[in-house]
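Worksheet for the structure shown next.
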Amino acid sequence: MLFQFCPRCTSAKITETKAYRIACNHCGFVYYHNVAAAVAVILRYHDQVLFTVRQKDPDAGTLDLPGGFIDPGERAEAAACREIKEELGIILDPRKLKYVTTAANDYLYKTVPYKTLDIFFEYELEHPELGITAPDEIAALQWCHPPTMDLNTIGFISIRKVIGECYSI
């Protein structure tokens with residue numbers, strides 16, 4: 001259960017239904033733990049895809065795609081470009097982002113389980129030289145040839161699913 005006590009009246013008389021609706025039986029407060037939106041970018045250079053190695057939990061040490069959560073009021077394309085600039089220090093042309101698909105994901109952050117909808121884009125790079133500008137989030141960069149990858153090295157289920165489907169793994 002997400003809460004042990006009602007955020008409004010502190011009563012312990014709360015019920016959770018459908019794993020995202022929490023209601024207080026004492027004061028009538030209802031909280032919906034809605035899906036959070038995130039973006040991930042498949043950065044390609046020829047037949048290689050750039051993965052990051054996660055520096056911290058969730059899934060520290062596993063492969064990930066660059067990206068992150070969409071800010072309130074932000075378009076998905078703008079979030080993708082912002083996240084790439086923050087994490088890798090490069091500026092993407094949003095007109096060259098290619099929408100790929102969406103996938104549901106589970107994201108456990110500081111013991112709070114978030115359900116996310118990850119929006120995937122693809123972007124073809126002109127050169128493979130990139131650096132890390134968010135070392136608190138990214139431990140390393142790794143170029144991979146997806147058809148030969150072990151999908152179990154990827155941390156998040158949404159990314160495993162999309163890479164597997166895109167590259168018929």
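The values are calculated or read from the model by the stated rules, or taken from the named source; none is laboratory data. Not measured: the values here are computed from a predicted model. So basically every Cβ, Gly included, is an ideal-geometry build from the backbone, and we count neighbours across all protein chains shown. For accessibility, only protein heavy atoms count, side chains too; no ligands or nucleic acids. Shrake-Rupley method; radii C 1.70, N 1.55, O 1.52, S 1.80 Å.
Tally the DSSP beta bridges in segment 28-127 and give the antiparallel ones as a percent, rounded to 5.
About 65 percent, rounded to the nearest 5.
Residue 13: which lysines have alpha carbons under 27 Å from its alpha carbon, excluding same-chain residues fewer than 8 sequence positions away?
By straight Cα distance, residue 13 reaches 110, 115.
Across the Cα atoms of segment 72-169, what radius of gyration and what greatest pairwise Cα-Cα distance (Dmax) are found, in Å?
Rg then Dmax for segment 72-169, in Å: 14.3, 40.
Evaluate the distance, in nm, between pseudo-label points positioned 7 Å from the Cα of residue 12 and of residue 134 along their respective Cα→Cβ axes.
That separation, rounded to one decimal, is 4.0 nm.
So in the chain, what percent of DSSP beta bridges are antiparallel if you round to the nearest 5?
75 percent
Could you work out the longest stretch of the chain that avoids the GluC sites (Glu not before Pro) located in DSSP loops with at most 10 other Cβ atoms within 10 Å?
1-125
Straight distance only, please: which aspartates and glutamates reach the Cα of residue 96 with their own Cα at less than 12 Å, same-chain residues fewer than 8 apart left out?
77, 122, 124, 126
Would you work out the charge dipole size for the chain about its Cα centre, treating the Cβ of every Lys and Arg as +1 and the Cβ of every Asp and Glu as -1, and quote it to the nearest 20 debye?
Roughly 860 debye for the chain.
Whole number please: convex hull volume per residue of the Cα set in the chain, in Å³?
Taking only Cα atoms, the chain has a hull volume of 124 Å³ per residue.
Please give the per residue accessible area of segment 14-136, computed with a probe of 1.4 Å over protein heavy atoms only, in Å².
I get 55 Å² per residue for this part.
Angle between the Cα long axis of helix 76-88 and the longest principal axis of the chain, 0 to 90 degrees, nearest 10?
On a 0 to 90 degree scale, this one is about 70.
First select every other residue whose beta carbon is under 13 angstrom from the beta carbon of residue 59; then total the charges, Lys and Arg +1, Asp and Glu -1.
Cβ neighbours under 13 Å give a net charge of -1.
Under a crude label model (7 Å from the Cα following the beta-carbon direction), how far is residue 96 from residue 143 in nanometres?
Each label point is offset 7 Å from its Cα along the Cβ direction, giving 1.6 nm.
Any chance you could look up the accessible area of residue 57 with a 1.4 Å probe, heavy atoms only, rounded to 10 Å²?
So the heavy atoms of residue 57 present about 110 Å² to solvent.
If you find the alpha carbon centre of segment 110-153 and of segment 29-80, how far apart are they in angstrom?
8 Å
Which percent of the accessible heavy-atom area of the chain goes to carbon and sulfur, probe 1.4 angstrom?
The nonpolar share, carbon plus sulfur, comes to 53 percent.
Find me the longest stretch of the chain that has none of the exposed trypsin sites (Lys or Arg not before Pro), where exposed means in a DSSP loop (not H, G, I, E or B) with at most 14 other Cβ atoms within 10 Å.
The longest uninterrupted stretch comes out as 111-169.
About its Cα centre, how strong a charge dipole does segment 78-169 have in debye, to the nearest 20, once Lys and Arg get +1 and Asp and Glu get -1 at the Cβ?
With only Lys, Arg, Asp and Glu charged at Cβ, the dipole is about 320 debye.
Going Cα to Cα from residue 85, which aspartates and glutamates come in below 12 Å? Please leave out same-chain ones fewer than 8 positions away.
93
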